[in-house]
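Here, each number is a calculation from the coordinates, and none is a lab measurement. Note that the coordinates shown come from a computational prediction; the quantities given were computed from them, not determined experimentally. With ideal geometry, Cβ positions are generated from the backbone for all residues, glycine too; neighbour counts draw on all protein chains shown.
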Amino acid sequence: MFVWTAFVFGLFSSVHCAGMCGPIALALPGKKSASRARFFLGRILYNSGRLTTYTLAGLLIGLLGKGISIAGYQQSLSIAIGIVLLLIAVFSINPESITQKAYWMRGFYTFITKKLGGLLKNPNAFSYYSIGILNGFLPCGVVYIALLAGLAAGGVFESGLYMFVFGLGTFPMMLVLSLAGGMVQMKFHKILRKAMPFAIGFFAVLLILRGLNLGIPYISPVLGDGVEVERSCH
């Protein structure tokens, strides 16, 4: 799986993350007047918590992806996910709004929100890391899209790695936001939000190409028995 796409997508979509999760990052306990090292460490722990949740989600969805790969449907899955992402891009579908409206998810999100409220009042290492972990469970369209791409990775480790690298891509923006204490300029945010469908479409095309077994190194390698293999020159 082209893991580099996970980092690029994470880096690009981190502006969306700043808009959605910015209030939490800005509300983190602790003040700049306190020890600089402690203030910085708290923000590192918070973002590490998000990274942990993304990675665990990748490992879990990787179990499903591995089963599909073993069954011999990895190529079809990659193409299907690519088509789904194309539809999301073309019709500007917002996956997070769908989950937010789901009745069976409201109780879960209410529980997460209450827990976050309690942790934000306690400035300690456990709180910072826990806030990050819980933050990772909040509805986020770009995370759902990354999980779909990770599902096509074809293995537990591969999917976990994909989501870990995606999280690393979001790390710089969210760390700067939590340290600087200011939101991303709205004009810049709007520009990237308009460009987001094109980015999703790009990754959709890559996934479709990957499933077509064209023998293009790193883009569309030949898949055999759920594992990427090199096409023979003979």
Please give me, ordered by residue number, the trypsin sites (Lys or Arg not before Pro) of segment 47-137 that lie in loop per DSSP and have at most 12 other Cβ atoms within 10 Å.
Lys121
Using θ = phi - 60° and the Karplus form 6.51 cos²θ - 1.76 cosθ + 1.60, what ³J(HN,Hα) does each residue of segment 142-149 get, whole Hz, x for Gly and Pro?
5, 5, 4, 5, 4, 5, 4, 5
Quick one: go through segment 46-74 and flag any residue whose amide nitrogen is under 20 Å from the point 7 Å out along the Cα-to-Cβ line of Asn213.
65-74
Between Asn94 and Lys121, what is the label-to-label distance in nm when each label sits 7 Å out along the Cα-to-Cβ direction?
3.1
Calculated FRET efficiency, Val84 and Arg38, Cβ-Cβ r, R0 41 Å, to nearest 0.05?
0.40
Output wanted: per-residue J couplings in Hz (rounded whole) for segment 77-89, from phi through Karplus 6.51 cos²θ - 1.76 cosθ + 1.60, θ = phi - 60°, x for Gly and Pro.
5, 4, 5, 4, 5, x, 5, 4, 5, 4, 5, 4, 5
